[in-house]
Amino acid sequence: MLDPTALYLSDPALLGDGRLRGLPMIVALSGYVEAGHLAGQIEAVVMDSMPSETLAQFDLDQLYDYRSRRPHVKFLEDHFEEWDAPELTLRVVTDGLGRHFLLLTGPEPDTQWERFTQAVVGLAQRLDVSLVALVSGIPMPVPHTRPMLVTAHGPRADLLPSTGGNKPTFEISASVSHLLELRLQDGGIDHVGLSVHVPQYLAESYLPQAAVAALEHLSAVTGRTLPTDELREASRGVIQQINEQANGSPEIQSVIENMERRYDDVVDASAHRSILAGPDHDDLPDADELGAAAEAFLASQDEQDH
């Protein structure tokens, strides 16, 4: 493997600052597994409301596939400007009580996953990170009308917050965050993964309530005060809009009601049953039914936006 440290440029003064040793690190990467645009919302609200300094900047020319995820550029009258270059950055952030934490955000690398994860593990070891908290949004057959469920995972049960007792079993395509969890475990670094259950039919939408759930759990595991007021306010309008559109479609409403029944049965009845299935493990919504409902719902959102 090529030298992992060659993937980033760092600030030697910050890396050597003893005050920054032993901090928690939050990892929120956007990419394939990011239902509800969770990572992007977390990055935006934290960076807009908290002071920060760049500790390490990753070289995305080595990690990013520009043709599959094309950045935007603005055309102004007769010329191009404002190239929206993606950034993958590790920052030192200060919360409202003056406490520091580390925040790794940006697009999930398209290539060199093993090298990237070793680079992050190396930074965590060099900074003597106390805990790494990784967060992602996963599309699940859950209704938007119920509280957001969060699955906590990691090798140390004493570090995991209570998430309502639900321990779902499922298989998904891997992300670099999943690999990072494995490599952190190999490196003996304490970590907690937090997977927010985002309604499958809204996976492509911006859901502030999903980001609120993530930030609440991140605050609990890191001991840092993270901002949620702005997102809570935004979520009220989003929920109202979703309800208005869903109530206008009997098909979508039927799917949501089925999800509500299964959610209520699972959350109330058993801490060990998968959220993916009901009592007999055979009452999942039909894939075509979910797909058709999701397509109709997203199409109605696009029509309203225009």
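Taking the range 23-47 as the range and being at pLDDT 95 or above and of a type in the set (D, E, K, R) as the test, only Glu43 passes. Where strands (runs of 3 or more DSSP E) fall wholly inside the range 29-133, the ranges with 2 or more residues that are surrounded by 18 or more Cβ atoms within 10 Å (Cβ to Cβ) are 52-58, 89-94, 100-107. Cβ-Cβ distances below 6 Å connect the following pairs, each with a first residue in the range 96-118 that is in the same structural domain as Glu53 (by TED's automatic domain parsing), a second residue that is in a strand (DSSP E or B) and surrounded by fewer than 17 Cβ atoms within 10 Å (Cβ to Cβ), and a separation of six or more residues or different chains: His100/Thr94.
Test of understanding: among Glu216, Glu233, which residue is surrounded by fewer than 18 Cβ atoms within 10 Å (Cβ to Cβ), part of a helix (DSSP H, G or I) and more than 15 Å from the chain's Cα centre (by Cα)?
Matching residue, one of Glu216, Glu233: Glu233.
Checking the condition more than 30 Å from Gln112 (Cα to Cα), aliphatic (A, V, I, L, M) and modelled with pLDDT of 90 or more, which residue from Leu215, Leu182, Leu194, Leu231 passes? Step by step, each of Leu215, Leu182, Leu194, Leu231 is checked, and only Leu231 is more than 30 Å from Gln112 (Cα to Cα), aliphatic (A, V, I, L, M) and modelled with pLDDT of 90 or more. For the range 111-124, the count of residues that are under 16 Å from the mean Cα position of the chain (by Cα) and either under 16 Å from Ile189 (Cα atoms) or at pLDDT 95 or above (or both) is zero. Note on the range 146-159: residues that are out of contact with any helix residue (DSSP H, G or I) (no Cβ under 8 Å at 6 or more places or on another chain), closer than 30 Å to Arg19 by Cβ and either buried (at least 20 other Cβ atoms within 10 Å of the Cβ) or touching a residue at least 24 places away in the same chain (Cβ under 8 Å) (or both) amount to 1.
Scanning the range 28-48 turns up at least one residue that is in contact (Cβ under 8 Å) with a residue 40 or more places away in the chain and polar (S, T, N, Q).
Whenever a residue of the range 192-217 is closer than 20 Å to Leu134 by Cβ, its partners that are part of a loop (DSSP other than H, G, I, E, B) and of a type in the set (Val, Ile, Thr), lying with C-beta atoms within less than 7 angstrom and at least six residues away or across chains, give the pairs His197/Val142; His197/Ile275; Val212/Thr228; Leu215/Thr228; Glu216/Thr228. Here Glu77, Glu87 are screened, and the one residue that is over 29 Å from Val238 (Cα atoms) and either touching a Cys at 6+ places or on another chain (Cβ under 7 Å) or not small (Gly, Ala, Ser) (or both) is Glu77.
Just to be sure before I move on: is Pro143 assigned to a strand (DSSP E or B), touching a helix residue (DSSP H, G or I) at 6+ places or on another chain (Cβ under 7 Å) and in the same structural domain as Tyr206 (by TED's automatic domain parsing) in the structure I sent?
When the stated conditions are applied, Pro143 does not pass them.
The values are calculated or read from the model by the stated rules, or taken from the named source; none is laboratory data. Since the model is a prediction, treat every value here as computed from it, not as a measurement. Neighbour counts are summed over all protein chains in view; Cβ atoms, including those assigned to glycine, are modelled from backbone coordinates with ideal geometry.
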